[in-house]
């Protein structure tokens, strides 16, 4: 008989984070299920980026527990890494490669065509098809951000961890993000998003976590 948490994508219980000897947050708990997005709120320094880095495995919590699919999430969990895509403040775009070459390189790193959507489809989905042959250095900041998001989308990962994904995007780019995020959730994916851009997903699928309430006194 499956455990009560078997359907959970990700859960945190009493998570604590310290950075530079300072407590960033403590007592952080949440549950994220398929089709849900967790919107992280809080002032600068409240721990949004720190939390995303913890969840991406780039740092370790100072206390508490993380579970993925009902089992403890331990450092270096390969199955979790294959299910998760992280996008931080940096786009991770190679300026010397074209937009298409950047995605083909990401595809090879992910294990080839069977592991990813087609790079051409990713460029089309993010409004970059006409720029496929352009070196990334010639793209605007907003276009580079779209390219980074196209890489996340192309990877077919069930969990997206996104830190200010709409940074540098114009209104058309924000609408594209809203559309692609909604599609991801409708397909059973989940996401945790730190953003100043109001997410437009239906309220039944949207959850919010205010890190200001967990900030140290």
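Can you pull the percent of Cα pairs in the stretch 1-104 with separation above 21 Å? Everything past 21 Å amounts to 43 percent. Comparing mean-square fluctuations of 145, 16, 137 from a GNM of the chain with C-alpha springs under 10 Å, the top value falls on 137. Which log10 I(q)/I(0) values, to two decimals, does the stretch 55-156 give at q = 0.24 Å⁻¹ under the Debye formula with one point per Cα? Once normalised to I(0) and log-transformed, intensities are -1.21.
Give the peptides 28-39, 154-165, 54-65 in descending order of average Cβ contacts within 10 Å, highest first. Don't jump to the answer; show the numbers that get you there.
On the way: 28-39: 18.0, 154-165: 21.5, 54-65: 16.2.
My ranking of the peptides, most packed first, is 154-165, 28-39, 54-65.
State the percent of C-alpha pairs, over all pairs in the chain, separated by a distance greater than 25 angstrom.
Tail fraction, whole percent: 39.
Measure nothing fancy, just the Cα-based angle from helix 171-186's long axis to the longest principal axis of the chain, in degrees from 0 to 90, nearest 10. The angle comes out near 60 degrees.
Each Cα pair under 8 Å and six or more residues apart adds its separation to the average, and for the chain the resulting relative contact order is 30 percent. Distance between the pseudo-spin-label points of residue 109 and residue 78 (7 Å out from Cα toward the beta carbon): 1.9 nm.
Over the stretch 119-198, the Kirkwood radius and the radius of gyration, each from Cα atoms, give a ratio Rg/Rh of 0.94. Rounded to the nearest 500, what is the 222 nm mean residue ellipticity of the chain from helices alone, with -39500 (n - 2.57) per DSSP H run of 4+ residues and division by all residues? Only helices count here, giving -8500 deg cm²/dmol.
Read-outs throughout are calculated quantities, based only on the coordinates presented, and are distinct from any laboratory measurement. Just so you know, these numbers come straight off a predicted model, no measurement behind them. All Cβ positions, even for glycine, are placed from backbone atoms using ideal geometry, and neighbour counts span all protein chains on display.
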